[in-house]
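Data first, discussion second: the structure below is written as structure tokens.
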Amino acid sequence: MYANALKPWHLLIVALVVLVLFGSKKLPDAARGLGRSLRILKSEARALKEEEGAAATPAEEAKAGRPGPPAA
């Protein structure tokens, strides 16, 4: 039913509406802010994955029977 719902001219109309609403001076600033936000999100997601991997490693070592770091 909606197989060809989005045509190229639809995107053109959306772009024109965005340009009229925000103006040409605010669009670069908005794009820059969006880029910064995405970079921060990406770095935080990467740090979270690394943190989870580091937390899972001692448990996996204990299951495998390998000695881990000495407990203090």
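The values are calculated or read from the model by the stated rules, or taken from the named source; none is laboratory data. Everything numeric here is computed off the predicted structure, so don't read it as measured data. Just the protein is used for accessible areas: all its heavy atoms, side chains included, with ligands, DNA and RNA removed. Shrake-Rupley method; radii C 1.70, N 1.55, O 1.52, S 1.80 Å.
The figures follow:
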read-out	value
Among the residues listed as ALA54, ALA3, ALA72, the single one being of a type outside the set (Phe, Trp, Tyr) and either at pLDDT 90 or above or under 26 Å from the mean Cα position of the chain (by Cα) (or both)	ALA54
So ARG32, is it open to solvent by 70 Å² or more (accessible area, probe 1.4 Å) and either part of a loop (DSSP other than H, G, I, E, B) or modelled with pLDDT under 85 (or both)	no
